[in-house]
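Derivation of every value follows stated rules applied to the coordinates shown; laboratory data play no part. Only a predicted model underlies this, so the values are computations on that prediction, with no experimental measurement involved. When we count neighbours, we look across all protein chains shown, and the Cβ atoms used for this are built from the backbone with ideal geometry, even at glycine.
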């Protein structure tokens, strides 16, 4: 299946992403790009501001803050509702999905992606299962023991905290959500013609 807009998931589905680092923004990018209403709660406390990337495939050298600025712009360009500085205080299940409470209000969605780095408090609050190593227990699709709730990045690994790994985790979570919505495996595979369709002729060149 392609990522053609005619084949995207239900526009009624919504995704709440808690965390605005590489994992959270990657999940938001794949979800929003493919037609899901997506809200990201970006507290801007990512460790990327202390990093400089030399080991990210396709990028020779970039400062962590510069990388984050580009990632945020990319996510914003696809229409994500990115709530910068809106700190999440609680998460929980509702009859139809999930609720996220912040200092500014409460938000509800069908799916929840947790991307809070090594802080696993929200996953514990939600009732997600943990491994013997003390990390959130997920499968390759990043789904937790709570249906339709996902954990990514450092939350699910005791040590391997790398931007490239986190980005992959976020993408895996979003693609699994898209697969659920579509009812079959979803593939977000772009070809050159998609650039003009998504960004216009000028940016496609």
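More than 23 Å from residue 29 (Cβ to Cβ) and surrounded by fewer than 17 Cβ atoms within 10 Å (Cβ to Cβ) - does that describe any residue in region 160-170?
no
If the requirement is being crowded, with 19+ Cβ neighbours inside 10 Å and farther than 18 Å from residue 188 by Cβ, which of these qualifies: 38, 46?
The unique qualifying residue is 46.
Quick check on region 176-188. Is at least one of its residues under 24 Å from residue 56 (Cβ atoms) and either without any contact (Cβ under 8 Å) to a residue 40 or more places away in the chain or in contact with a strand residue (DSSP E or B) (Cβ under 9 Å, 6 or more places away or on another chain) (or both)?
Checking region 176-188: at least one residue is under 24 Å from residue 56 (Cβ atoms) and either without any contact (Cβ under 8 Å) to a residue 40 or more places away in the chain or in contact with a strand residue (DSSP E or B) (Cβ under 9 Å, 6 or more places away or on another chain) (or both).
Tell me which residues, restricted to region 121-145, are in contact with a strand residue (DSSP E or B) (Cβ under 7 Å, 6 or more places away or on another chain), assigned to a loop (DSSP other than H, G, I, E, B) and buried (at least 18 other Cβ atoms within 10 Å of the Cβ).
Within region 121-145, 128, 138, 142, 144 qualify.
With 90, 99 as the choices, which residue is assigned to a strand (DSSP E or B), surrounded by 12 or more Cβ atoms within 10 Å (Cβ to Cβ) and without any contact (Cβ under 8 Å) to a residue 12 or more places away in the chain?
The unique qualifying residue is 99.
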